[in-house]
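Here is the structure we will look at, set down as structure tokens.
The values are calculated or read from the model by the stated rules, or taken from the named source; none is laboratory data. Everything numeric here is computed off the predicted structure, so don't read it as measured data. Virtual Cβ from ideal backbone geometry, glycine too; neighbours counted across all protein chains shown. Quick note on the areas: whole protein, heavy atoms, side chains included, nothing else; ligands and nucleic acids left out. Shrake-Rupley method; radii C 1.70, N 1.55, O 1.52, S 1.80 Å.
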Amino acid sequence: YHPSAGYRFMMVTWAGFTSYLPQDHWGRTFIQFTHRSTAYLLVILVAVFWYKSRTVTSDSIFKLGLHLFPVLITLQALLGIITVLNCTGKIPLGWGMLHQGGAMLLVAEMVFVIFHLYKTGGTDTVQS
């Protein structure tokens with residue numbers, strides 16, 4: 001009897017180390033649950049950040065970046081939903097790539113907004 005009997009294994013190599021990860025139903029379910037939970041958390045955090053940061057500064061570049069946040073997180077969530085809905089046992093390559101590209105845009109947007117927030121120092125407070 002081998003401990004891996006009944007499981008499909010995927011070899012992962014990185015930096016010269018080799019390990020085996022079981023690709024069973026529980027693992028995929030856990031990954032999907034974690035991915036969705038992270039998405040829900042990010043949507044909530046972006047909404048709170050957007051709401052609280054609206055009056056931090058009057059810098060127009062910061063405001064543009066700030067208002068793109070909800071648009072990009074919504075686009076990213078929609079791409080994720082469309083990707084899952086189009087799965088037929090395998091992740092559709094095109095939708096998966098768009099979802100990955102959306103994640104990169106979201107990270108770039110986050111860096112852009114944080115950079116301009118620190119650049120302005122948040123000292124130019126606007127009263128609304």
* To do: Confirm whether VAL84 is modelled with pLDDT under 90, on the phi < 0 side of the Ramachandran plot and assigned to a helix (DSSP H, G or I).
  => yes
Expected output for region 100-123 (first residue more than 16 Å from VAL43 (Cβ to Cβ), partner outside any helix (DSSP H, G or I) and open to solvent by less than 90 Å² (accessible area, probe 1.4 Å), Cβ below 6 Å, 6+ apart or cross-chain) is THR120/THR57; THR120/ASP59; GLY122/VAL56; GLY122/THR57
For MET97, the lone unmet condition from (1) open to solvent by 40 Å² or more (accessible area, probe 1.4 Å); (2) touching a Leu at 6+ places or on another chain (Cβ under 7 Å) is (2)
Is one or more of the residues making up region 65-79 open to solvent by 60 Å² or more (accessible area, probe 1.4 Å) and either in contact (Cβ under 8 Å) with a residue 60 or more places away in the chain or assigned to a loop (DSSP other than H, G, I, E, B) (or both)? no
Given (1) open to solvent by 80 Å² or more (accessible area, probe 1.4 Å); (2) touching a Leu at 6+ places or on another chain (Cβ under 9 Å); (3) not small (Gly, Ala, Ser), ASP59 misses just (1)
Taking region 87-103 and keeping residues touching a helix residue (DSSP H, G or I) at 6+ places or on another chain (Cβ under 7 Å) and assigned to a helix (DSSP H, G or I) leaves TRP95, GLY96, LEU98, HIS99, GLY102, ALA103
